[in-house]
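The values are calculated or read from the model by the stated rules, or taken from the named source; none is laboratory data. Small disclaimer: the values here were computed from a predicted structure and weren't measured. A quick note on method: Cβ atoms are made from the backbone with ideal geometry, for glycine too, and the neighbour counts reach across all protein chains shown.
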Amino acid sequence: MTVRKALLLVAGFLALGAGAAGALLPLIPTTPFVLLAAACFGASSPRMRARLESARYFGEYLRNYREGTGISRRARWTGVAFLWATLSLSAILFRHAHAWIALAIVGACVTAHILTIRGSRGAADHAEGEAGVERSGSPADKA
């Protein structure tokens with residue numbers, strides 16, 4: 001293993017750790033760190049990238065990002081619910097009006113961002129959307 005690959009592998013693990021911390025702590029972003037980890041693993045260890053993309057918690061997000069399919073409705077609402085749960089816990093722990101205001105502003109902005117991310121279509125939605133599309137072709141195809 002080259003020094004470059006070893007450094008990228010270490011950077012990937014550090015970024016993944018920061019992303020995992022961001023999943024649990026408000027105000028620390030998760031997605032940029034997980035994307036950075038995937039990029040570092042992709043350049044240093046395809047095996048680690050494959051493991052990350054098949055991981056229970058981050059795999060779906062990485063595949064959706066790579067394929068440009070957006071975020072599922074379930075992931076969107078789970079993210080918003082988890083965001084507000086952690087912000088509420090933070091507000092209970094801090095008990096300062098300024099902290100509450102800051103947490104509410106951050107929560108509102110992040111919620112707006114999550115809700116404006118392009119949504120992916122589930123298999124049922126996708127099949128339903130295609131059912132109404134008429135194919136062009138010969139008259140025999142339409143019969």
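For the reader, a short list of remarks on this structure follows.
- Qualifying residue in the stretch 81-102 (condition: modelled with pLDDT under 80, over 15 Å from the mean Cα position of the chain (by Cα), loosely packed, with under 12 Cβ neighbours inside 10 Å and assigned to a helix (DSSP H, G or I)): no
- Listed conditions (1) outside any helix (DSSP H, G or I); (2) under 21 Å from ALA81 (Cβ atoms) are all met by MET1, apart from (2).
- Selection of the stretch 29-63 for residues being buried (at least 18 other Cβ atoms within 10 Å of the Cβ) and not in a helix (DSSP H, G or I) yields THR30, SER45, PHE58.
- Residues of the stretch 1-20 satisfying the condition of being surrounded by fewer than 13 Cβ atoms within 10 Å (Cβ to Cβ), within 17 Å of ARG47 (Cβ to Cβ) and among the small types (Gly, Ala, Ser): ALA6
- Residue in the stretch 30-42 that is hydroxyl-bearing (Ser, Thr, Tyr) and under 15 Å from GLY79 (Cβ atoms) present: yes
- The number of residues in the stretch 4-58 being closer than 30 Å to TRP84 by Cα and either charged (D, E, K, R) or in the same structural domain as ILE117 (by TED's automatic domain parsing) (or both) comes to 3.
- Checking the stated criteria, PHE82 turns out to be assigned by TED's automatic domain parsing to the domain that holds ILE117 and closer than 24 Å to ARG118 by Cα.
- Selection over the stretch 70-81 of residues that are touching a residue at least 12 places away in the same chain (Cβ under 8 Å) and farther than 15 Å from LEU35 by Cα gives a count of 6.
- ALA124 meets each of the listed conditions (1) surrounded by fewer than 17 Cβ atoms within 10 Å (Cβ to Cβ); (2) at pLDDT 85 or above apart from (2).
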